[in-house]
1. Within the range 112-125, is there a residue that is free of Cβ contacts under 8 Å to residues at least 12 places away in the same chain and either more than 12 Å from the chain's Cα centre (by Cα) or under 15 Å from ASP49 (Cβ atoms) (or both)?
2. Taking LEU139 as meeting all but one of (1) touching a Gly at 6+ places or on another chain (Cβ under 6 Å); (2) within 23 Å of ARG216 (Cβ to Cβ); (3) buried (at least 22 other Cβ atoms within 10 Å of the Cβ), write down the number of the exception.
3. Which of the residues belonging to the range 46-55 are closer than 20 Å to ALA158 by Cα and in contact (Cβ under 8 Å) with a residue 12 or more places away in the chain?
4. For the range 64-80, which positions are touching an Asp or Glu at 6+ places or on another chain (Cβ under 9 Å), farther than 16 Å from TRP154 by Cβ and buried (at least 18 other Cβ atoms within 10 Å of the Cβ)?
5. Of these, ASN58, ASN77, ASN40, ASN44, which one is more than 18 Å from THR271 (Cα to Cα) and modelled with pLDDT under 95?
6. Being small (Gly, Ala, Ser), touching a helix residue (DSSP H, G or I) at 6+ places or on another chain (Cβ under 8 Å), assigned by TED's automatic domain parsing to the domain that holds TYR73 and crowded, with 16+ Cβ neighbours inside 10 Å: is that true of ALA268 here?
7. Among residues belonging to the range 233-270 that are part of a loop (DSSP other than H, G, I, E, B) and either at pLDDT below 95 or among the small types (Gly, Ala, Ser) (or both), point out the one that is farthest from ASN58 (Cα to Cα).
8. I need a count of the residues in the range 87-102 that are over 23 Å from the mean Cα position of the chain (by Cα) and among the charged types (D, E, K, R).
Amino acid sequence: MKKRNILSFLLVGLTIIAVYLFLDISVLESSSTDNSVKDNSEWNIDFFDDFDSFNPDNWQDQRIWVNNEKQCYVPDNQYGTREVSDGTLKIKVINIGEKIECDNIDKHGNQHPETSYIAGRIATKNRKEFVKGKWTARLRIQGESQASMFPAWWILGAQNNEPPVQESDENICWPLTGSGEIDIFEHHGDYGSGHYTTGAIKSLGECDKGDWWSLRTSADTILSEFNTYSVEWEGSNLVYRLNDKEVYRNEGLGDNYPEPMFAILNFAKITDSPMDGEWVMEVDWVKHESRI
């Protein structure tokens, strides 16, 4: 009887020890998994502008004629085209009612014709440029969508050779590596209201040869409400989010954009459809984050 009791006691003891060891291992594994998830989800803000004022250390005017746009980009908030007031930035297209000379030049050296439409376009080029990470802006379009509207929030490779050219390495033609383009938010008013497009531009390996459509999608939203629009590098993927919810991703394409990139906010008029008054893209804030 004593031997049986001793054996029973030893078996119970060994069972208890085994249970504790299992629990300890499970807790350690769980703790390790939790920390891994936590580390992967943490971002460090390395640039943030909430537009209490227009900060020239963050932004500069960009004056260029692209996409056969009908407006002229003007500098220094002329006509109120990039107004900062009440804690937000207003990027505008304005019909001033009479044609004026426009000094915007396209990449072939052609000068924009006289126009009554003027607009704002600002960029963080040579101010705030980052490799990968996550770009986000909170913005809205004031009023109803109209034909010819083309507001945009996007990023471009910092070696882009379009003005302003201020550094010796800004000599790469769009959309080659070094001048790659990722569109976070674009609204095409001619294709209807309540939507925007997001995605990357596919380089076709030659200067000025880009595929605008195969790497992007259209997503529904209420343009007149403030929403956050972002792109982030998730490993080798590009993930696009609306109000933190994924709407699209470019699988395996993140490594196609290894260069530092700068941000652009602009409002263009893309067709000859008539307009009166002004169009406004209102931006609450812009930020860039990096993994820590």
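The values are calculated or read from the model by the stated rules, or taken from the named source; none is laboratory data. All values derive from a computational prediction rather than experimental measurement. Glycine also receives a Cβ, built like all others from the backbone with ideal geometry; neighbour counts cover every protein chain displayed.
1. Within the range 112-125 (the criterion being free of Cβ contacts under 8 Å to residues at least 12 places away in the same chain and either more than 12 Å from the chain's Cα centre (by Cα) or under 15 Å from ASP49 (Cβ atoms) (or both)), the answer is yes, since at least one residue qualifies.
2. Against the list (1) touching a Gly at 6+ places or on another chain (Cβ under 6 Å); (2) within 23 Å of ARG216 (Cβ to Cβ); (3) buried (at least 22 other Cβ atoms within 10 Å of the Cβ), LEU139 comes up short only on (1).
3. So the first thing to find is which residues in the range 46-55 are closer than 20 Å to ALA158 by Cα, and the list is 46-49, 55.
Passing the criteria: ASP46, PHE47, PHE48, ASP49.
4. TRP65, LYS70, CYS72, VAL74, listed by residue number.
5. Numbers: ASN58 fails: modelled with pLDDT under 95; ASN77 fails: modelled with pLDDT under 95; ASN44 fails: modelled with pLDDT under 95.
Of ASN58, ASN77, ASN40, ASN44, the one residue that is more than 18 Å from THR271 (Cα to Cα) and modelled with pLDDT under 95 is ASN40.
6. The answer is no for ALA268.
7. Within the range 233-270, the match that is farthest from ASN58 (Cα to Cα) is GLY252.
8. Here is the first cut: in the range 87-102, the ones over 23 Å from the mean Cα position of the chain (by Cα) are 94-102.
Remaining after also requiring among the charged types (D, E, K, R): 98-99, 101.
Matching residues across the range 87-102 total 3.
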